[in-house]
Amino acid sequence: PTDDDTFYFLADPANHNRLVATDYSNLYVSTDGGQTWGLKYTAKDGGAGLVLGGAFWDGANIYFGTNDGIVASSNGGSTFALMNLSGIPSTQAIRSFAAAKAGGVTRFVVVADEIGDVYGGGRGFWV
C-alpha cells in the first residue's frame, strides 16, 4: 500500500493475517494477510512523519505506539483513533513501544525521546 516506500512493517504473532505497514506519514492495516490494505491513520505533523515504535495485538483490541501517541482500535482494526493518555511530556515523543496484559489490566511501556529527534524512518529502539 506504500508504493515501495515502506518504513515499518509488523505482524500479529497470533494471527498472521493481521499486518501493519507505514510509509513516511501513513499507517495501513491489513486483516487478510496483505491481500487488501486500508489507510487507518495519518501523522499529525507531515514534516515529522510517523514512527511506528511497536504494536500490541490483544484480540479485537490493537495498539500501535507512534510518535503521535498510542493509536488504538477496539474493533479488530476496522477503525483507529489516537488515545487520550497522559504521562509523556509534550516535548517528547514515543520512539519505542511495548505492552502486556495480566489480570485484565493492560500496561504500556514506552521509550520516549525529544520530539525533534523522532521522525518517520528514524532509527527506533525496540524493547
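Each row is one residue, and each column tells you yes or no for (1) in a loop (DSSP other than H, G, I, E, B); (2) modelled with pLDDT of 95 or more; (3) open to solvent by 60 Å² or more (accessible area, probe 1.4 Å).
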{"site": "Asp3", "(1), (2), (3)": "yes, no, yes"}
{"site": "Asp32", "(1), (2), (3)": "yes, yes, no"}
{"site": "Thr36", "(1), (2), (3)": "yes, yes, yes"}
{"site": "Gly46", "(1), (2), (3)": "yes, no, no"}
{"site": "Trp57", "(1), (2), (3)": "no, yes, no"}
{"site": "Ile62", "(1), (2), (3)": "no, yes, no"}
{"site": "Gly65", "(1), (2), (3)": "no, yes, no"}
{"site": "Ala72", "(1), (2), (3)": "no, yes, no"}
{"site": "Gly77", "(1), (2), (3)": "yes, no, no"}
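Output yes when any residue across segment 103-125 is at pLDDT 95 or above, within 15 Å of Phe7 (Cα to Cα), in contact with a Phe, Trp or Tyr (Cβ under 7 Å, 6 or more places away or on another chain) and of a type outside the set (D, E, K, R), and no when none is. So far as segment 103-125 goes, no, none of its residues is at pLDDT 95 or above, within 15 Å of Phe7 (Cα to Cα), in contact with a Phe, Trp or Tyr (Cβ under 7 Å, 6 or more places away or on another chain) and of a type outside the set (D, E, K, R). Screening Tyr8 against (1) buried (at least 19 other Cβ atoms within 10 Å of the Cβ); (2) over 22 Å from Val118 (Cα atoms); (3) hydroxyl-bearing (Ser, Thr, Tyr) leaves a single unmet condition, (2).
Scanning segment 49-70 for residues that are touching a Ser or Thr at 6+ places or on another chain (Cβ under 9 Å), among the hydrophobic types (A, V, I, L, M, F, W, C) and farther than 14 Å from Leu27 by Cβ turns up Phe56, Ala60. Among residues of segment 68-88 that are under 15 Å from Val20 (Cβ atoms), those with a Cβ under 8 angstrom from a residue that is polar (S, T, N, Q) and open to solvent by 70 Å² or more (accessible area, probe 1.4 Å), sequence gap 6+ or separate chain, pair up as Ser73/Thr79; Gly76/Thr31; Gly77/Thr31.
Within segment 106-115, the residues that satisfy the criterion of being open to solvent by less than 70 Å² (accessible area, probe 1.4 Å) and not aromatic (Phe, Trp, Tyr) are Thr106, Val110, Val111, Ala112, Asp113. Taken over segment 13-34, the criterion of being touching a Lys or Arg at 6+ places or on another chain (Cβ under 9 Å) and on the phi > 0 side of the Ramachandran plot is satisfied by Gly33 alone.
The values are calculated or read from the model by the stated rules, or taken from the named source; none is laboratory data. Quantities reported herein were computed from a predicted structural model and do not represent experimental measurements. Neighbour counts are summed over all protein chains in view; Cβ atoms, including those assigned to glycine, are modelled from backbone coordinates with ideal geometry. Calculation scope for accessible area: heavy atoms of the full protein, side chains included, ligands and nucleic acids excluded. Shrake-Rupley method; radii C 1.70, N 1.55, O 1.52, S 1.80 Å.
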